[in-house]
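Undergrad: Sharing a structure, written as structure tokens. Questions coming.
The numbers here are math on the coordinates, done by the rules we state, and not lab data. Bear in mind that the values here come from a model prediction, so they are computed numbers and not experimental data. Cβ sites come from the backbone with ideal geometry, for glycine too, and all protein chains shown count toward neighbours.
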2 protein chains.
Amino acid sequence: MTGQVRTVDGRVAGRRGQATRQKLLDCLSEMLSSSPYRDVKVIDVARKAGTSPATFYQYFPDVEGAVLEIAEQMAAEGAGLTELLEGRTWAGKSGWQTAQELVDGFLEFWRKNDAILRVVDLGAAEGDKRFYKIRMKILNSVNNSLADSIAELQSKGRVDKDVNPAAVAGALVAMLAAVASHQKGFSSWGVKQAELKPNLALLVHLGVTGRKPSK
Amino acid sequence: MTGQVRTVDGRVAGRRGQATRQKLLDCLSEMLSSSPYRDVKVIDVARKAGTSPATFYQYFPDVEGAVLEIAEQMAAEGAGLTELLEGRTWAGKSGWQTAQELVDGFLEFWRKNDAILRVVDLGAAEGDKRFYKIRMKILNSVNNSLADSIAELQSKGRVDKDVNPAAVAGALVAMLAAVASHQKGFSSWGVKQAELKPNLALLVHLGVTGRKPSK
DNA sequence: CGGTAAGCTGACGGCATGACAGGACAAGTG
DNA sequence: CACTTGTCCTGTCATGCCGTCAGCTTACCG
């Protein structure tokens, strides 16, 4: 599928090279969790990986290039978020469960990848098309499924005609992503993690169906 | 209110000094809009302001310090967002209008300050307390008002008891902020600006009152 | 064992950082 | 007008990271 892994100067990477490359990615990933993106230096990543800066530049054009790589890997996993909505229904009690599981799965994914997602979010907000595309890849699966659900309910007359399914779905997905990034923020509003989830699920359910869930 | 403006080495800044300082802030602000935060260098800001890097360091400890200054100024203005909710009602047609005006005002504020808000968001997400506090200052006013509205409706029995007002309010505010930061993203989902607003207002109304608006 | 390509690094010019001392400038004083 | 005072700005410098290259080492293959 993807051709061979190549170094910046065009050579194909062998087993050893790929290991080094991966180690650099792992170390970068770790550094992103522990220090501000702005302060992540090539030399630190290289030191942490027990190699030299020159080696880093053999595999990546710059820090951003390596970050994109990590983000791509994550986006590939993130595409699996679709499963949270595949074959689910929004009617009755199972609708409430669908909402809850969507919120759960989404927050969990974000929690696991928060460091890299922060950077992706920033890049996308700054207008960088590459980051923007990656963000889309992750959100699109969920967003499209949600939009489809809403559109279907709409065609059955169970949702108002003047609702734009894509807009509502996008807003809900953006909400989930934002809340996940700033979970700590809620504690200072006196909201605990456990309380947050059902309330998010409520909002999702309200947004999709226009009705309160029957629990 | 705030004591005199001081240079890094403790001297009080005069009229000329304050002008230079402000010019540096303005130029930094402009650079943040046009290039990635990570790539904003002191030397560029100084050049743009027609001064030298050394001058910059006379007024600010580093780029981040200056960014915080800009963010504080913005947060002060942002506190005015409370007005969007003061004395408003959520009943009937005026409830729908309240939601619309909140969305409008919020998006407008975000659009005006998007560059600096991106950086604040990133800093807050990375766990920097100073940025976090500024983000709070802006969101708190809106959030508290919203939470109060919900709590009031709840006490009248018009909203379910198991709703946590602060959680719902926080999620809605986070949604508005996120959508504002990624407005461009919606166009690739085929959603136009003008369509977005009423759908956001709908979600806000649903979240606060638990019911569809009567238009 | 020799050839070839992959893998890594020391070293270097270039540039941003951040500190300092001293010069330029405005304003008040005799 | 000369002199003083305190603010304001910049030239310069040591330091450290960036990004590149030539060249050395290692692994694989016939």
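Undergrad: Which entries of A:Lys184/B:Lys137; A:Lys112/B:Lys112; A:Lys112/A:Lys197; A:Lys133/B:Lys215; A:Lys197/B:Lys93 have Cα-Cα distances beyond 25 Å here? Don't skip to the answer; put the middle values down first.
TA: Working: A:Lys184/B:Lys137 15 Å; A:Lys112/B:Lys112 33 Å; A:Lys112/A:Lys197 16 Å; A:Lys133/B:Lys215 37 Å; A:Lys197/B:Lys93 30 Å.
Over 25 Å Cα-Cα: A:Lys112/B:Lys112; A:Lys133/B:Lys215; A:Lys197/B:Lys93.
Undergrad: Give me A:Val8, B:Val204 sorted ascending by neighbouring Cβ count inside 10 Å, so fewest comes first. Walk me through the intermediate numbers first.
TA: Numbers: A:Val8 12, B:Val204 28.
The fewest-first ordering by Cβ neighbours comes to A:Val8, B:Val204.
Undergrad: Right, something else. Which whole-number percentage describes the relative contact order of chain B, with Cα contacts under 8 Å and a sequence gap of 6 or more?
TA: Numbers: 210 pairs, mean separation 44.5, N = 215.
Relative contact order for chain B comes out at 21 percent.
Undergrad: Ignoring everything except DSSP H segments at least 4 long, calculate the 222 nm mean residue ellipticity for chain A; use -39,500 (n - 2.57) per segment, divide by total residues, nearest 500. Walk me through the numbers before you get to the answer.
TA: Numbers: 10 runs with 149 residues, N = 215.
The helix contribution divided over chain A gives -22500 deg cm²/dmol.
Undergrad: Determine the distance separating the Cα centre of segment B:138-215 from the Cα centre of segment A:173-210; give it in Å without decimals.
TA: 11
Undergrad: Can you list which of the GluC sites (Glu not before Pro) found in segment B:24-107 are DSSP loop residues with at most 14 other C-beta atoms within 10 Å?
TA: Listed in order of number, the matching sites are B:Glu86.
Undergrad: While we're looking at this one, here's another question. Determine the relative contact order of segment B:66-188: mean sequence separation of Cα pairs under 8 Å and six or more apart, normalised by residue count, in whole percent.
TA: Computed over segment B:66-188, the figure is 30 percent.
Undergrad: Assign one of three labels to segment B:90-215, namely rounded, prolate or oblate, based on the Cα gyration tensor with a ≥ b ≥ c the square roots of its eigenvalues; rounded applies when a/c is under 1.5, prolate when it is not and a/b is larger than b/c, and oblate otherwise. Intermediate results must be reported in sequence, preceding the final value.
TA: Working: a/c = 2.29, a/b = 1.28, b/c = 1.79.
Oblate shape, in that a/c is at least 1.5 and b/c is the bigger or equal ratio.
Undergrad: Still on this structure, I have one more. Please list 3J(HN,Hα) in residue order for segment A:196-209, calculated via the Karplus relation 6.51 cos²θ - 1.76 cosθ + 1.60 where θ = phi - 60°; whole Hz, with x for glycine and proline.
TA: Taking θ as phi minus 60°, the curve returns 5, 4, x, 5, 5, 4, 4, 4, 4, 4, 4, x, 6, 9 Hz for segment A:196-209.
Undergrad: Quick one: label points 7 angstrom along Cα→Cβ at A:Asp114, distances to the other copies in nm, smallest first?
TA: Counterpart label points of A:Asp114 in the remaining copies fall at 2.7 nm.
Undergrad: Mind checking which of A:Asn140, A:Asn199, A:Asn113 has the largest fluctuation in a GNM of chain A, springs on alpha carbons under 10 Å?
TA: Per the Cα network of chain A with a 10 Å cutoff, A:Asn199 tops the list.
Undergrad: Calculate how steeply helix A:92-112 sits against the longest principal axis of the alpha-carbon atoms of chain A, using the helix alpha-carbon long axis, and give the answer as 0 to 90 degrees to the nearest 10.
TA: Long axis of A:92-112 versus the principal axis of chain A: about 20 degrees.
Undergrad: For label points placed 7 Å from Cα toward Cβ, what is the shortest-first list of nm distances from A:Ser52 to its copies?
TA: 3.6
Undergrad: Still on this structure, I have one more. For helix B:129-155, report the angle its Cα long axis makes with the longest principal axis of the Cα atoms of chain B; keep it between 0 and 90° and round to the nearest 10°.
TA: Between the helix axis and the principal axis of chain B, the angle is about 20 degrees.
Undergrad: Looking at segment B:105-169, which trypsin sites (Lys or Arg not before Pro) are DSSP coil and have at most 10 other C-beta atoms within 10 Å of their C-beta?
TA: Loop-located and lightly packed - B:Lys156, B:Lys161.
Undergrad: For a quick check: sort B:Lys48, B:Lys192 by the number of other beta carbons within 10 angstrom, fewest at the front.
TA: B:Lys192, B:Lys48
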